[in-house]
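Just below is one structure, and these are the notes that go with it.
The values are calculated or read from the model by the stated rules, or taken from the named source; none is laboratory data. Nothing here was measured: the structure is a model prediction, and the numbers come from that model. Neighbour counts run over all protein chains shown; Cβ positions are idealised from the backbone, glycine included. Heads up: the accessible areas ignore ligands, DNA and RNA and are worked out on the full protein's heavy atoms, side chains in. Shrake-Rupley method; radii C 1.70, N 1.55, O 1.52, S 1.80 Å.
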Amino acid sequence: MKRIAIFASGAGSNAKKIIEYFTHHAAIQVALIVCNKPGAGVLSVATHYGIPTLLIEKEQFFRGNAYVDELKAAHIDFIILAGFLWKIPSALIQAYPNKIINIHPALLPKYGGKGMYGQFVHEAVLAARELESGITVHLVDELYDHGQMVFQAQCPVLPGDTAATLAQRIHALEHKHYPEVIEQFIMQH
Ligand SMILES: Nc1nc2c(c(=O)[nH]1)N[C@@H](CN(C=O)c1ccc(C(=O)N[C@@H](CCC(=O)O)C(=O)O)cc1)CN2
Ligand SMILES: NCC(=O)N[C@@H]1O[C@H](COP(=O)([O-])[O-])[C@@H](O)[C@H]1O
């Protein structure tokens with residue numbers, strides 16, 4: 001059984017879909033939810049589904065062991081980022097080589113990097129008058145949104161779209177594809 005930890009900072013709609021997808025899965029289980037924001041919605045999602053949680057803090061994450069010991073003690077095999085807003089430090093990347101993936105709410109390499117998260121991404125896409133947007137799943141390396149791409153899916157940007165309406169369309173793409181992309185990625189690694 002492959003054990004995954006989901007790292008999230010926000011509402012946890014992707015975490016919810018991933019948990020539901022792997023409930024009763026024969027080979028993969030969501031074993032831990034890691035969060036850096038006390039009170040984040042993803043913590044309630046974890047409680048609802050009976051998934052253990054780990055609330056992390058800056059000092060240990062960036063200047064300590066990056067919680068590698070705790071993740072290894074939980075026998076975590078893969079790390080899935082789903083709206084996690086801190087940069088993954090080298091110590092964690094080295095402990096989980098090619099085992100950490102992230103979903104970004106745009107078509108990388110455009111609209112990525114520091115400051116590019118949540119609504120900021122959709123606002124930049126709209127400001128650039130793009131006719132399409134989408135999602136990118138990629139391996140996590142030491143830089144933001146720079147790792148090898150694993151999957152992309154597109155959606156239209158419609159006349160009159162706001163950041164909120166575009167976000168809704170992007171979320172629908174994420175919820176549809178991310179669980180299946182995670183499954184394929186894990187089964188191939
Ligand atoms: N080493 C890596 N860590 C992370 C990556 C990555 O590709 N490599 N992806 C991000 C997720 N992400 C985009 O997909 C992303 C998240 C957050 C930021 C950002 O600018 N964060 C702010 C802090 C925000 C906060 O603390 O509330 C910042 O760094 O100043 C950019 C991109 C997850 N980690
Ligand atoms: N650059 C990182 C980033 O912007 N990630 C985005 O945060 C949202 C989390 O939503 P959720 O908490 O409802 O899953 C998702 O749209 C995800 O793509």
Of Lys58/Lys87; Lys2/Lys110; Lys72/Lys176, those spanning more than 21 Å from alpha-carbon to alpha-carbon: Lys2/Lys110; Lys72/Lys176
Dimensions (Å) - the chain, Cα atoms, principal axes, largest first: 50, 37, 34
Spin-label zone in the stretch 141-184 - amide nitrogen under 20 Å from a point set 7 Å from the Cα of His25 along the C-beta vector: 149-153, 171-184
Per-selection Rg to Rh, the stretch 1-97 - Cα, Kirkwood hydrodynamic radius: 0.94
Dipole moment magnitude, nearest 20 debye, the stretch 61-163 about Cα centre, only Lys, Arg, Asp, Glu C-beta charged: 180
Peptides 63-69, 23-29 ordered by average Cβ neighbours within 10 Å, highest first: 63-69, 23-29
Residues whose placed amide H lies under 5 Å from that of Gly12, excluding near-sequence neighbours: Val42
Residue-by-residue Karplus 3J(HN,Hα) for the stretch 71-80, coefficients 6.51, -1.76, 1.60, Hz, glycine and proline x: 5, 5, 5, 8, 6, 6, 9, 9, 10, 10
With every protein chain in place, the chain: carbon and sulfur % of accessible area (1.4 Å): 55
Centroid-to-centroid separation of the stretch 13-49 and the stretch 113-175 [C-alpha atoms, Å]: 22
In nm, spacing of pseudo-spin labels at Leu54 and His146 (7 Å Cα→C-beta vector): 2.5
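Starting from the Cα gyration tensor of the stretch 99-189, multiply each eigenvalue by 5, take the square root, and state the resulting semi-axes largest first in whole Å. Spell out each step's value before the answer.
Numbers: eigenvalues 107, 45, 17 Å².
In descending order, the three semi-axes are 23, 15, 9 Å.
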